[in-house]
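The values are calculated or read from the model by the stated rules, or taken from the named source; none is laboratory data. Source: prediction; values computed, not measured. Cβ atoms come from the backbone with ideal geometry, glycine included; neighbour counts cover every protein chain shown.
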Ligand SMILES: [Mn+2]
């Protein structure tokens, strides 16, 4: 492990804080139902950052979600002929923005495919997790999740989620259960004949194939080298081949790597996230790698992008949807989370 990541890991030794006295905790309707999703969203919006599911309810939800995710393979396959798929990139705790994407997906009865980095940075990761996992339990076919590098102990200890959970619950239980959940999240999704969707980048097709990825044990915190690290941490570069990354994890990969993986999988391109992009979406490698980033206002002027994949009469289309940052309940922030 690099010195830089060791430093990040060691920075987590902060003391427990008392829970915010103003937070009101409520029980989640159980078993989860479609009407319960609406009630949960309403309670969280009305709470403006001061209402959360109680610890017992949330832990029960996380554990149920984990059993669903554990049944999925490392790389999940979706068939676009079965309905639209909304690919959503980094959310980073921006709950009001997440709600807009959920509404956009619901309007088309689309599968939500969340491409990692759900937590950290903005202080409403718990709201996103609660709604996302509740919907997953209500209808697993409509919620797909790929893991991002922030779904790890290393990142959450440094970039806000651990602090958020401690400040809002005054307990490490929800945090520990979340870390366990993160290890159950699949690593990538193949939209059949269309795209490899993965948080960072592809594996190296010269040495690794899909079966090797399917055989990996994903129940680890978040490696910094090897095929799983490449998928969670890597970024594209303009020249062929691979190079070490300044992130000290994963690699930089060139257009030949993108082309090789597309050939290997019979897909037209790679949809990845992991990097802020001014318009919400950007494409490199002659169209083979598209970055979708869904946390608007981080630069602070970037838009949030979503890719809506639909089967049409003569093929599959990928329509970009672009969003400015919501006003949201930013004024109600109670937790000092990250500085980018
Ligand atoms: Mn990332």
Original post:
What residue, of 292, 276, 306, is within 16 Å of the ligand (Cβ to nearest atom), buried (at least 16 other Cβ atoms within 10 Å of the Cβ), under 17 Å from the mean Cα position of the chain (by Cα) and outside any loop (DSSP other than H, G, I, E, B)?
Top reply: 292
Subject >> Subset of segment 90-104 (residues that are over 24 Å from residue 160 (Cβ atoms) and touching a residue at least 40 places away in the same chain (Cβ under 8 Å)) >> reply: 104
Original post:
Regarding residue 299, is this residue modelled with pLDDT under 95, over 24 Å from residue 112 (Cβ atoms) and under 20 Å from the mean Cα position of the chain (by Cα)?
Top reply: yes
**OP:** Taking residue 192 as the residue in question, decide whether it is closer than 15 Å to residue 92 by Cβ and touching a strand residue (DSSP E or B) at 6+ places or on another chain (Cβ under 7 Å).
**Re:** no
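Condition first: within 16 Å of the chain's Cα centre (by Cα), surrounded by 24 or more Cβ atoms within 10 Å (Cβ to Cβ) and away from the ligand (no atom under 16 Å from the Cβ). Can you find one or more residues in segment 73-83 that meet it? Write out each step before concluding.
Keep residues of segment 73-83 that are within 16 Å of the chain's Cα centre (by Cα), which gives 74-76.
Right, trim to surrounded by 24 or more Cβ atoms within 10 Å (Cβ to Cβ) and you get none.
No.
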**OP:** Identify the residue in segment 231-248 that is under 24 Å from residue 304 (Cα atoms) and either under 21 Å from the mean Cα position of the chain (by Cα) or within 15 Å of the ligand (Cβ to nearest atom) (or both) and, among all such residues, is surrounded by the most Cβ atoms within 10 Å (Cβ to Cβ).
**Re:** 231
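Being under 23 Å from the mean Cα position of the chain (by Cα), surrounded by 19 or more Cβ atoms within 10 Å (Cβ to Cβ) and closer than 20 Å to residue 281 by Cβ: is that true of residue 251 here? Talk me through it step by step, then tell me what you get.
Working: under 23 Å from the mean Cα position of the chain (by Cα): yes; surrounded by 19 or more Cβ atoms within 10 Å (Cβ to Cβ): yes; closer than 20 Å to residue 281 by Cβ: no.
So residue 251 fails the test.
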**OP:** Could you grab me the full set of residues in segment 140-155 that are assigned to a helix (DSSP H, G or I) and either crowded, with 22+ Cβ neighbours inside 10 Å or more than 16 Å from the ligand (Cβ to nearest atom) (or both)?
**Re:** 140, 141, 142, 155
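Here's the yes/no breakdown for (1) away from the ligand (no atom under 16 Å from the Cβ); (2) within 16 Å of residue 295 (Cα to Cα); (3) at pLDDT 95 or above:
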site: 99; (1), (2), (3): yes, yes, yes
site: 102; (1), (2), (3): yes, yes, yes
site: 109; (1), (2), (3): yes, no, yes
site: 113; (1), (2), (3): no, yes, yes
site: 138; (1), (2), (3): yes, no, yes
site: 157; (1), (2), (3): no, no, yes
site: 180; (1), (2), (3): yes, no, yes
site: 185; (1), (2), (3): no, no, yes
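Kindly indicate the residue of segment 190-226 that is within 16 Å of the ligand (Cβ to nearest atom), buried (at least 17 other Cβ atoms within 10 Å of the Cβ) and touching a residue at least 40 places away in the same chain (Cβ under 8 Å) and also farthest from residue 113 (Cα to Cα) among those meeting that condition. Please lay out each step first, then the result.
Initial filter on segment 190-226 (within 16 Å of the ligand (Cβ to nearest atom)): 197-202, 221-224.
Subset that is buried (at least 17 other Cβ atoms within 10 Å of the Cβ): 197-202, 222-224.
Filter once more, keeping what is touching a residue at least 40 places away in the same chain (Cβ under 8 Å): 197-202, 222, 224.
On the way: 197: 9, 198: 10, 199: 11, 200: 15, 201: 16, 202: 17, 222: 21, 224: 24 Å.
Step by step, filter segment 190-226, then rank; the result is 224.
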